Amino acid sequence: MQWRNSSRNYGLTSIFMHWGVALAVIGLFALGLWMRGLNYYSPWYRTAPDLHKSIGLILLAVMLLRVVWRWLSPPPAALPGHSPLVRLASTAGHLALYAGLFVVMLSGYLISTADGRPISVFGWFEVPALITGIPRQEDVAGDVHFYAAWALIILAGLHALAALKHHFIDRDDTLRRMFGRAKS
Amino acid sequence: MLKKTFTALTLGAALFAGQAMAADYVIDKQGQHAFVNFKISHLGFSWIYGTFKDFEGTFSFDAANPEASKVNVTLKTASVDTNHAERDKHLRSGDFLNVDKHPTATFTSTSVKSTGEGTADITGNLTLNGVTKPVVIAAKFLGEGKDPWGGYRAGFEGTTTIKMKDFGIKMDLGPQSENVELILTVEGVRQ
């Protein structure tokens, strides 16, 4: 299989990024919800947020790469069987997923950097603060992060259901392409 | 006639002799010459110091009659600052100060008892996290007088220790951190 996308299939680069992001988003959502309930004496009290922030920032880097890659290697053409409405809905849905991802990631970044502190990524390097000093920045960013994360996970769920619908009901190549296995 | 006048004058003088008039002061928020700080143990290994940046208040004070003094302070709980965004976010949440539900905390004095030269115990009601309980602030009068810019000021410092659970703050930080010490200093401008 090739790295670049073709007119019929996604290439390995897009495939790895797509499923990697999916795994990270589901994992980070679960980790985020779980870590809020940890008490002060849990051994995970510091580790869980550190993991959450580190993975989140790697995810941000991957998403930025994905935007560049989309420009370097555009996605396959829309399936011939898809009506203009289906094409519009899927474009809107995918755009919303991208937007949701960036809102969640950037708002999360703005919580921890509100006081000017950088965020350490697995102890390998630090991402410095850029925007600080907004009144109650950490609280506002925190609320945005929480609600946007829920909106994103619901949207992602709908995205998965839509893919399954195309695969099992329409029986078209939508899902297969994201494994590089389009039939037509 | 002369004797009556003399008596009246002496009586009048005696009445007014030790009496610097009780004065009302507004805590100097404009110049921020006042601080409401707190201190709590971290695991028994160090102290976390924090402050409430946004508060205002008044006091009335008469050095000749300190037990008639009154003080009233209202602070914005969301203005808490311990120099750490993630910690401050947690402090403002329902685990601690619950600032969206209880945006202010207040202290209103109910009585003052002199405990020595320039020191007093100020008893009053502290409302924190929506709970009102009496506390006693061990206060010390630091001084008063004219300032170089046409005003007259008086200043105090005081401390009190509260138990977080008494005010409905349920977060368990361990046995070393049940109590918070409030450390205050205020300078008021006479009105």
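No value in this document is a laboratory result; all are computed from the given coordinates. Nothing here was measured: the structure is a model prediction, and the numbers come from that model. Glycine gets a Cβ as well: all are built from the backbone with ideal geometry, and neighbour counts include every protein chain shown.
Observations on the model:
- In order along region A:107-113, phi translates into HN-Hα couplings of 5, x, 4, 6, 5, 6, 9 Hz, rounded to whole numbers, per the Karplus curve 6.51 cos²θ - 1.76 cosθ + 1.60 with θ = phi - 60° and x for Gly and Pro.
- Normalised per residue, the volume of the convex hull around the Cα set of the protein assembly as shown (Å³): 209 Å³
- Neighbouring partner chain Cβ atoms per residue of A:135-143, average, 10 Å criterion: 4
- Span from the region B:74-119 Cα centroid across to the region A:164-183 one, whole angstrom: 59 Å
- Greater than 19 Å apart at Cα, pairs in B:39/B:165; B:113/B:165; B:39/B:163; B:140/B:165; B:133/B:170: B:113/B:165; B:140/B:165
- Solvent-free Debye calculation, one equal scatterer per alpha-carbon of chain B: log10 I(q)/I(0) at 0.10, 0.12, 0.13 Å⁻¹ equals -0.48, -0.65, -0.73.
- Relative contact order computed over chain B (Cα-Cα under 8 Å; 6+ residues apart), in percent: 22 percent
- Ranking B:52, B:184, B:136 by Cα position along the charge dipole of chain B, where only Lys, Arg, Asp and Glu carry charges on their C-beta atoms, puts B:136 farthest toward the positive end.
- Table column - 3J(HN,Hα) (Hz), region B:41-48, Karplus curve with 6.51, -1.76, 1.60, x for Gly and Pro: 6, 9, 6, x, 9, 7, 10, 9
- Using the Cβ-Cβ distance between residue A:30 and residue A:183 with R0 = 45 Å, the FRET efficiency computed as 1/(1 + (r/R0)^6) comes to roughly 0.85.
- Note on residue A:165: lysines with a C-alpha under 25 Å away, same-chain residues under 8 apart excluded, are A:183.
- The order of A:150, A:71, going from fewest to most other C-beta atoms within 10 Å of their C-beta, is A:71, A:150.
- Dividing the helix sum by the residues of chain B, where each DSSP H run of 4 or more adds -39500 (n - 2.57), gives a mean residue ellipticity at 222 nm of -4000 deg cm²/dmol.
- For chain A: relative contact order, % (alpha-carbon pairs under 8 angstrom, 6 or more apart): 25 percent
- If R0 equals 30 Å, the separation of the Cβ atoms of residue B:157 and residue B:65 corresponds to a calculated FRET efficiency of about 0.90.
- In region A:12-177, the convex hull through the Cα atoms has an average projected area of 11.6 nm², a quarter of its surface area.
- Estimated from the Cβ-Cβ distance and a Förster radius of 56 angstrom, the FRET efficiency linking residue A:18 and residue B:82 is about 0.85.
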